[in-house]
Amino acid sequence: MTETRDQRSGEATLDFLRSAFPPEWREPALGQEAVAAWEQENRVVLPEPYRTFIAEVANGSGLGPAGDGGLQPLGWLPDTWPYLGPRQPGEPFPLEAAWSWEDEEGVDPEDPRINAAFHKGSIVLGAEDGPSFWLLLTAGPHRGEVWMIAEVGAGPAPGEPAWGFEAWVQRWHTGDGLWD
């Protein structure tokens, strides 16, 4: 695995995440063994508190911060996800900063950096307004941050500094953030 295991999330964080996702909307938690097997297969250790959340609370939810379909189960992709190749969550996420490739003259839509941004170093948390997607970065210097990616570019959410999983859920749950 490419990252060391983060310290397990604190009970206060897990209590908050449990309260944010009502039981009737939760998909069954995966359990620690299933999460560890997914991590081994994908050569990555998921960042906390997301890792403990999917292992012990819920592996996705029909209700959640992602507007189109809620929080995706681990490894699932929204129906609107552009297939550009296999997912590689254990490879480092390639971007160091926000990049609007649509605004950069001379960038070809087939640029391999765009493909890498969609497929390396992240899992997809869900979709927002169809062609925009929430990513949780799983490898590289921005590991643990939530980013938004779309056909026009990618960047940390909501900007610098980026939210982590808990802050992303909290902003949605309290209505304080992009969902206002």
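The values are calculated or read from the model by the stated rules, or taken from the named source; none is laboratory data. Keep in mind that what you see is a predicted model, and the values were worked out from it rather than measured. Positions of Cβ are generated from backbone atoms using ideal geometry, with glycine treated the same way; all protein chains shown enter the neighbour counts. For the accessible areas, the whole protein counts, side chains as well, though only heavy atoms, and no ligand, DNA or RNA atoms are used. Shrake-Rupley method; radii C 1.70, N 1.55, O 1.52, S 1.80 Å.
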- Please indicate, with yes or no, whether at least one residue in region 33-56 is outside any strand (DSSP E or B), of a type outside the set (Phe, Trp, Tyr), farther than 22 Å from Gly121 by Cα and open to solvent by less than 50 Å² (accessible area, probe 1.4 Å). no
- Any idea which of (1) under 17 Å from the mean Cα position of the chain (by Cα); (2) open to solvent by 40 Å² or more (accessible area, probe 1.4 Å); (3) basic (Lys, Arg) is the one Arg18 doesn't satisfy? (1)
- Cβ pairs under 6 Å, 6+ apart, first in region 162-175 and on the phi < 0 side of the Ramachandran plot, second open to solvent by less than 30 Å² (accessible area, probe 1.4 Å) and small (Gly, Ala, Ser): Trp163/Ala157; Gly164/Gly144; Val169/Ala20; Arg171/Gly177; His173/Ala20
- Query: Out of all the residues in region 149-165, is one or more closer than 19 Å to Phe21 by Cα and surrounded by fewer than 18 Cβ atoms within 10 Å (Cβ to Cβ)?
  - Reply: no
- Query: Which residue pairs have Cβ atoms under 9 Å apart, sit 6 or more places apart or on different chains, and have a first residue in region 79-91 that is without any contact (Cβ under 8 Å) to a residue 12 or more places away in the chain and a second that is in a loop (DSSP other than H, G, I, E, B) and among the charged types (D, E, K, R)?
  - Reply: none
- Are there any pairs with C-beta distances below 7 angstrom linking a residue in region 129-152 that is on the phi > 0 side of the Ramachandran plot to a residue that is assigned to a strand (DSSP E or B) and buried (at least 23 other Cβ atoms within 10 Å of the Cβ), with the two at least 6 apart or on different chains, and if so which? Gly144/Leu137
- Message: On the basis of being part of a loop (DSSP other than H, G, I, E, B), over 21 Å from Leu17 (Cα atoms), open to solvent by 30 Å² or more (accessible area, probe 1.4 Å) and among the hydrophobic types (A, V, I, L, M, F, W, C), does Leu84 make the cut?
- Response: yes
- Query: Would it be correct to say that Gly85 is small (Gly, Ala, Ser) and on the phi > 0 side of the Ramachandran plot?
  - Reply: yes
- Can you name every residue in region 87-128 that is in a loop (DSSP other than H, G, I, E, B), surrounded by 18 or more Cβ atoms within 10 Å (Cβ to Cβ) and among the acidic types (Asp, Glu)? Glu91
